[in-house]
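Following: one structure in structure tokens, then a few remarks.
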Amino acid sequence: MNDEQQAAYVSSLYPGQSLAADDIRRIIQREEYNMQHKGHEGKHLAMFLIFLCVLAILPKTVRYWRQRHPRSYRLVSIGSICLIPPYFALANRYFRFVSIWIGYALANTYILYLATREPLYPRTPRRVYQWFALTNKVSYAVFVAGI
């Protein structure tokens, strides 16, 4: 379509309104987009129904997995918790998060090491409590400060 045909087409859509050239171009682009994507409503409905089915079935599947295969469930859960956040941080080049994550993971590993020693050192329960109380307070302070 040339400019005159486009203007005539848009004026038929919006009778009695005078539109600027930018408005005409934007309306034409939107109409072309709508023409290209015509008939996709059924696909959107199918995707929504699939989403609802997954939403209904997934918790039961995870519960079954946790009951029947607890070791693999725990391994995958811990692996996901430990690997997915640093992966996305590295992919987005957010190195400050990765360095904080590594420090936090090392500190938690040390606390876990202390808590699993036999015989249990008498101060270990206090250290474990103090560590997690500290992480809670720091997390709250970061939340309030908006860092």
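The values are calculated or read from the model by the stated rules, or taken from the named source; none is laboratory data. Since we're looking at a predicted model, the values are computed, not measured. Cβ placement follows ideal geometry from the backbone for every residue including glycine, while neighbour counts extend to all protein chains displayed. Protein only, heavy atoms only, side chains kept; ligands, DNA and RNA dropped before computing areas. Shrake-Rupley method; radii C 1.70, N 1.55, O 1.52, S 1.80 Å.
Structure summary
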| item | result |
| --- | --- |
| Residue 60 vs. criteria at negative phi, in a helix (DSSP H, G or I) and surrounded by fewer than 10 Cβ atoms within 10 Å (Cβ to Cβ) | yes |
| Selected residue [among the β-branched types (Val, Ile, Thr), touching a helix residue (DSSP H, G or I) at 6+ places or on another chain (Cβ under 9 Å) and open to solvent by 80 Å² or more (accessible area, probe 1.4 Å)] from 50, 147 | 147 |
| Qualifying residue in segment 27-48 (condition: more than 30 Å from residue 4 (Cβ to Cβ), free of Cβ contacts under 8 Å to residues at least 40 places away in the same chain, among the small types (Gly, Ala, Ser) and assigned to a helix (DSSP H, G or I)) | yes |
| Candidate set from segment 84-101 (those that are under 16 Å from residue 147 (Cα atoms) and of a type outside the set (A, V, I, L, M)); member that is surrounded by the fewest Cβ atoms within 10 Å (Cβ to Cβ) | 96 |
| When residues of segment 73-98 are limited to those that are among the polar types (S, T, N, Q) and assigned to a helix (DSSP H, G or I), the one nearest to the chain's Cα centre (by Cα) | 80 |
| So residue 74, is it without any contact (Cβ under 8 Å) to a residue 40 or more places away in the chain, over 25 Å from residue 135 (Cβ atoms) and open to solvent by 90 Å² or more (accessible area, probe 1.4 Å) | no |
| Test: residue in segment 109-130 that is surrounded by 10 or more Cβ atoms within 10 Å (Cβ to Cβ) and within 20 Å of the chain's Cα centre (by Cα) | no |
